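Data block below; observations after.
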Amino acid sequence: MTEKMITEIKGWMQEAAVFIKTSLSTEMAVSQKSGRTDLVTNVDEETQALLIKKIKEQYPADKILAEEKGYSTIDSLAGRVWIIDPIDGTMNFVMEQENFCIMIAVFEDGIGKLGFIYDVMKDELCWGGKGIGVFLGEQKLIQPQNLGLSAGLLGMNAYMFGEDIHCAREIGHASMGVRVSGCAGIELIAMLKGNHIGYVSNLSPWDYAAGLVLLEEFNFLYSTIEGEDLSFSGREYFLAATPKAYNEIRTKFLDK
Ligand code: IPD
Ligand code: CA
Ligand code: CA
């Protein structure tokens, strides 16, 4: 079952990626959601529709939580739940035509089973699952070292760093350097590869669901920035890091 599902999901992501790449040479309909810097395009919506169609054909009884149009809330995580971000990094997609990801997670009764983060323009798929490990394409990744905050780069949300929310500047300055990609998926891949020690951001469930499944395989720690469990509903300040860096960030900067 799992093998079959993994093969299916990879195929759907490839199909979605072809659709997204093709759409780059056509005129896109871009509209604002909550404001000027919160965009959605017809490509986000159509990619989500493509993925949902595939899931519903194969797994009609499953529940779906996805960012766009009518799928953005769910009553509970009971049963099998698919969590989808059709284009993570829409601003990058519109402005740069690169540095965006497709993300899919499969949860069962609240437990993360499979996670897929696909950097479309780099053609880099980071995927894996509970008890399966973490892969980059065909290559199995090794668990990154448990480095402390001062020893590594830290992914951050630009607004949080700029406005110094939850001591973001102090935390950032204590790291080797802050990196801001504008795409949660890219930040999560950087952690899984061992390139970044952590990520501090403001995220919705579809931004972190796939990442959590993979972070867990490598024993990274994650929670809301206040140290609470993530709720899988609405936006929350998010912290994920190596155990060493996570504990330093929580105890030195946030609990002081
Ligand atoms: C956004 C990106 C961004 C993060 C935002 C997300 P979207 O996702 O992941 O890096 O800072 O909080 O909303 O809206 O482009 O799918
Ligand atoms: Ca997103
Ligand atoms: Ca999105």
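FYI, it's all coordinate maths here, none of it is from the lab. No experiment lies behind these values; they were computed from the predicted model shown. Virtual Cβ from ideal backbone geometry, glycine too; neighbours counted across all protein chains shown.
Values computed for the structure shown
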read-out: Number of positions in segment 41-71 that are touching a residue at least 60 places away in the same chain (Cβ under 8 Å) and either within 12 Å of ligand 2 (Cβ to nearest atom) or of a type in the set (S, T, N, Q) (or both); value: 2
read-out: Residue match in segment 77-89 (condition: touching a residue at least 60 places away in the same chain (Cβ under 8 Å), within 16 Å of ligand 1 (Cβ to nearest atom) and either over 21 Å from S204 (Cβ atoms) or of a type in the set (S, T, Y) (or both)); value: no
read-out: For T26: the one exception among (1) part of a helix (DSSP H, G or I); (2) more than 19 Å from the chain's Cα centre (by Cα); value: (1)
read-out: Only listed residue being within 17 Å of D88 (Cα to Cα) and either without any contact (Cβ under 8 Å) to a residue 60 or more places away in the chain or away from ligand 2 (no atom under 16 Å from the Cβ) (or both), chosen from N219, N202; value: N202
